[in-house]
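Report on the structure given below.
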Amino acid sequence: MKETTTPIISTRERLLLAAQDIMAESGLEALNSNAIVERAGVTPPSFYHYFQNKHALLRELGTRMMLAQSEALRADTGLRITREADLHAASLRTLRESFNMTRAFRGGYALLVSLRAIPELRDVRLESHADMSILIAEYLKGQGLSDNFDDLVVRARLALELSYAAIEMLFETNFKNQDAILSYTADGLVKIYDLF
């Protein structure tokens, strides 16, 4: 008979998972250090050993989520963009990947809100979007679609903010008209880039 073992999860990870569970079940308003330690089955000093406050914990989770979103952009699809339809397809694919990743990330919607609404956390979203806009600009320039790198960065940044807002909207409307919203957003991204 094969013996099964449960993986050992560090206290830090237990705290992060507990916070994600609370946000997924009850939203950001229910998140506080007492609720987190109770859910994680640890003592309050354990929380403060790893995190200065709940914003520090949210920063960690937000950074992880933004890194996961950027992986959708980093995935090499091999797609060559030679016409507007190709750009639309690439934009829609990236939007879907980012949306699906956010939806799969436990507590993802509450994290989206926290990264926009909590001043101490805004830099996580802003820095991630700045890095991703450079990545997109490099990709589009590498495709030979424009030589104006600085302009591509500005356009990519605007496109990312529109994408972020569309994903938030889908959560807020209980995913109503999901395919249409993603497709219309991709239409908007194509117009923002204005490459054809």
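The region of the chain that goes longest without hitting one of the trypsin sites (Lys or Arg not before Pro) in a DSSP loop, each with at most 12 other Cβ atoms within 10 Å, is 84-175.
In a simple Cβ point-charge model (Lys, Arg +1; Asp, Glu -1; nothing else charged), the chain has a dipole of about 360 debye relative to its Cα centre. Residue-wise HN-Hα couplings along the stretch 85-91, as the Karplus relation 6.51 cos²θ - 1.76 cosθ + 1.60 with θ = phi - 60° gives them from phi, are 4, 5, 5, 4, 4, 5, 5 Hz; Gly and Pro carry x.
The separation of the stretch 65-87 from the stretch 23-42, counted between C-alpha centres, amounts to 35 Å.
Taken along the Cα-to-beta-carbon direction at a fixed 7 Å, the label points for residue 11 and residue 183 span 5.3 nm.
Is the C-alpha gyration tensor of the chain telling us rounded, prolate or oblate? Criteria: a/c under 1.5 is rounded; beyond that, a/b larger than b/c is prolate, otherwise oblate. It would help to have the intermediate numbers written out before the result.
On the way: a/c = 2.17, a/b = 2.03, b/c = 1.07.
In terms of gyration-tensor shape, prolate.
Computed from backbone phi with θ = phi - 60° and the Karplus coefficients 6.51, -1.76 and 1.60, the 3J(HN,Hα) list for the stretch 105-120 is 6, 4, x, x, 5, 4, 5, 3, 5, 5, 6, 9, 8, 9, x, 5 Hz; x is used for glycine and proline.
In percent, what relative contact order does the chain have, based on Cα pairs under 8 Å that are 6 or more apart in sequence? Don't jump to the answer; show the numbers that get you there.
Details: 184 pairs, mean separation 42.3, N = 196.
Once normalised by length, the contact order is 22 percent.
Any read-out appearing in this document is the output of simple, stated calculations on the displayed coordinates, not a laboratory observation. Nothing here was measured: the structure is a model prediction, and the numbers come from that model. Cβ atoms come from the backbone with ideal geometry, glycine included; neighbour counts cover every protein chain shown.
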